[in-house]
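One structure is given below, encoded as structure tokens.
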Amino acid sequence: MAEVLQQLVNGISLGSIYALIALGYTMVYGVLKLINFAHGDVYMVGAFAGFFAATAFGWGFLPALCFAMLVAALFGLVIERVAYRPLRNAPRIAALITAIGVSLLLENLGILILRPDPRAFPELIRLETYQVGPLIVNNRQLVIIATSVVLMMLLQFIVTRTRMGKAMRAVAEDTEASRLMGINVDRVIAFTFVLGSALAAAAGVLVGIYYTRIDPLMGFMPGLKAFVAAVLGGIGLIPGAMLGGLAIGVAEVLVVAFISSSWKDAVAFAILIMILLLKPTGILGKTAEEKA
Amino acid sequence: MLELQDLHVYYGGIHALKGISLVVEPAEIVTLIGANGAGKSTTLRAISGLVRARSGKILWDGKPIHGLRADDIVARGIVHVPEGRRIFATMTVRENLDLGAYLRRDRRGIEADREMVYHLFPRLKERERQLAGTLSGGEQQMLAIGRGLMAKPRLLLLDEPSMGLAPLLVAEIFRVIQEINKAGTTILLVEQNANQALRIGHRAYVLQSGELVMAGAAQEVAANPEVRRAYLGG
Ligand SMILES: Nc1ncnc2c1ncn2[C@@H]1O[C@H](COP(=O)(O)OP(=O)(O)O)[C@@H](O)[C@H]1O
Ligand SMILES: [Mg+2]
């Protein structure tokens, strides 16, 4: 029992990271109905921005985190502007293929410029472990969970309380009707990329702190898993991404602990297949009948 | 106030508007009637910037607006209440009204206009905190019109506001449209329900397969034998 609880703590840490990435997928899908497959690579860019902030500038955790979020936000903005906006009225498959292209471009540029070998992420948080009853918790896990919670609360505030956030929800629900309200849809979409990319960068820095290694291809697998998390929760739904991320993180950690570590990456895809068979609209998504 | 000059609109290969020219003068209710598929909605969509005309002009206070983005057109005082209501179902009535005022910054004025909308449609006030998707069809139409008014339009484009409503509600909607007009808002009203629409309109145009086939005072149009046969049921 204690062992299960222990793994739950580990799973929630990992799951918060997936959730942060999944939010970007789901928000962009909301406003653009596009799966932005380059999103995992923006997360990688964020991790490296945090890495350089810490190594080259010698910055601490919070400044490095903010810097990473800023750099990734800029990447998101440029990717949307250069790669996706020209395809706004093109068939959806064109944008999807472009997204895969942007992903490959970022990964290969990463290999070229950053070198392919993994790097040790600087010790932004010195490791301390605490014994809480039967559980062992370390301060890095607490930082990950706390950072994720704060960022998600901030996001919730933006989406429900600010003018831009309300416009985001309007565009996600009915883009054309939003234009009739006087909403500049292009600007809202750009803002959504900024927001999603910044959250992914935060996840990148947190992963650097947790696993202490980063490399240019690090975005591939977490990107896919976060995508599965977004689908699991209900694509387009912000609470769904949070829930799906946590679920995937916990499931992965439990399977590794109690079944086999060779199943680590398979778990997410098994879940994807199950959700597509049982409830393709996701846990929080409405079924077709409910929508009608 | 508004003038369309020889407007042509295509959807791919479909020639939906074949040279429409019409004018709307300040303080008027202009009614545009026509059968399903005649191009009524397309006309409004071209004015509000949702579709681009291939050729022709749209002049607003004498200045061309046919190249502008939809949000710029709203900012200039033309507001389009679309066919099928298109309210934001997952948001509350109040949030829908606030989105109508998206481009405005004058808090006092917004509040006053919200009160004005609640005065026109008391049922919206009762349902202020309710999700818009839970409203009845009639209430959703009221919300769509109210949301349009929140932008403080000089010209309101209404696309089939009576569609799918019970006769009593239709009467109420048409009464409110007249009230809005009397308060100073110019209205371009598109309807398949030609009977009522011609009764409240000052002038009318008849659209047929993308072409205007008749124009004149609403009463004259309503009295025309061909119009009576085609749109007024005899
Ligand atoms: N999005 C669209 N794509 C292709 N054809 C369309 C589209 N919208 C309307 N049309 C066509 O344009 C013509 C005019 O349609 P519309 O303006 O909606 O007519 P109305 O509002 O008078 O019923 C019709 O032939 C319709 O089939
Ligand atoms: Mg129509």
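The values are calculated or read from the model by the stated rules, or taken from the named source; none is laboratory data. Note that this is a predicted model, so its numbers are computed, not measured. Cβ coordinates were reconstructed from backbone atoms using ideal geometry, including for glycine residues, and neighbour counts include every protein chain displayed. Accessible surface is based on the protein model in full, side chains and every heavy atom, while ligands, DNA and RNA are left aside. Shrake-Rupley method; radii C 1.70, N 1.55, O 1.52, S 1.80 Å.
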Taking the stretch A:254-280 as the search range and keeping residues that are part of a loop (DSSP other than H, G, I, E, B) and in contact with an Asp or Glu (Cβ under 9 Å, 6 or more places away or on another chain), which one is farthest from residue A:224 (Cα to Cα)?
A:264
Test set (1) touching a helix residue (DSSP H, G or I) at 6+ places or on another chain (Cβ under 6 Å); (2) away from ligand 1 (no atom under 16 Å from the Cβ); (3) open to solvent by 10 Å² or more (accessible area, probe 1.4 Å); (4) more than 14 Å from chain A (Cβ to nearest Cβ) - residue B:151 fails condition number
(4)
Where residues in the stretch A:37-72 are assigned to a loop (DSSP other than H, G, I, E, B) and touching a residue at least 12 places away in the same chain (Cβ under 8 Å), which of them is surrounded by the fewest Cβ atoms within 10 Å (Cβ to Cβ)?
A:60
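Conditions (1) of a type outside the set (D, E, K, R); (2) surrounded by 13 or more Cβ atoms within 10 Å (Cβ to Cβ); (3) touching a Pro at 6+ places or on another chain (Cβ under 9 Å), marked per residue:
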residue: A:88; (1), (2), (3): no, no, no
residue: A:91; (1), (2), (3): yes, no, no
residue: A:138; (1), (2), (3): yes, yes, no
residue: A:148; (1), (2), (3): yes, yes, no
residue: A:161; (1), (2), (3): no, no, no
Condition met for residue A:238 (of a type in the set (Val, Ile, Thr), open to solvent by 10 Å² or more (accessible area, probe 1.4 Å) and more than 20 Å from residue A:13 (Cβ to Cβ))
yes
So which strands (runs of 3 or more DSSP E) are wholly in the stretch B:1-104 and hold at least 2 residues that are in contact (Cβ under 8 Å) with a residue 60 or more places away in the chain and within 16 Å of ligand 2 (Cβ to nearest atom)?
B:14-24, B:29-34, B:78-81
What do you reckon, is residue B:197 under 23 Å from residue B:38 (Cα atoms) and open to solvent by less than 10 Å² (accessible area, probe 1.4 Å)?
yes
Listed residues B:192, B:130, B:178; which is open to solvent by 50 Å² or more (accessible area, probe 1.4 Å) and within 16 Å of ligand 1 (Cβ to nearest atom)?
B:192
Name the helices (runs of 4 or more DSSP H) wholly within the stretch B:126-234 that hold at least 1 residues that are within 19 Å of residue B:83 (Cβ to Cβ)?
B:137-149, B:167-182, B:194-200, B:225-231
For the stretch B:154-172, enumerate the residues that are within 16 Å of ligand 1 (Cβ to nearest atom) and more than 14 Å from residue B:142 (Cα to Cα).
B:157
Unique match (being closer than 18 Å to residue B:42 by Cα, open to solvent by 30 Å² or more (accessible area, probe 1.4 Å) and either of a type in the set (A, V, I, L, M) or within 16 Å of ligand 2 (Cβ to nearest atom) (or both)) among B:212, B:207:
B:212
Inspect all residues belonging to the stretch A:109-132 and state whether any of them is farther than 18 Å from residue A:213 by Cα and surrounded by 15 or more Cβ atoms within 10 Å (Cβ to Cβ).
no
Picked from the stretch B:72-124 (must be within 14 Å of chain A (Cβ to nearest Cβ) and basic (Lys, Arg)), the residue surrounded by the most Cβ atoms within 10 Å (Cβ to Cβ) is B:85
Residue tally, condition more than 7 Å from chain B (Cβ to nearest Cβ) and either open to solvent by 50 Å² or more (accessible area, probe 1.4 Å) or out of contact with any helix residue (DSSP H, G or I) (no Cβ under 9 Å at 6 or more places or on another chain) (or both), over the stretch A:170-185:
1
Single residue of the stretch B:45-63 satisfying the filter (farther than 12 Å from residue B:155 by Cβ and facing chain A (nearest Cβ under 10 Å)) that is surrounded by the fewest Cβ atoms within 10 Å (Cβ to Cβ)
B:50
For the structure I just gave you, tell me whether residue B:14 is more than 9 Å from ligand 1 (Cβ to nearest atom) and either buried (at least 17 other Cβ atoms within 10 Å of the Cβ) or not charged (D, E, K, R) (or both).
no
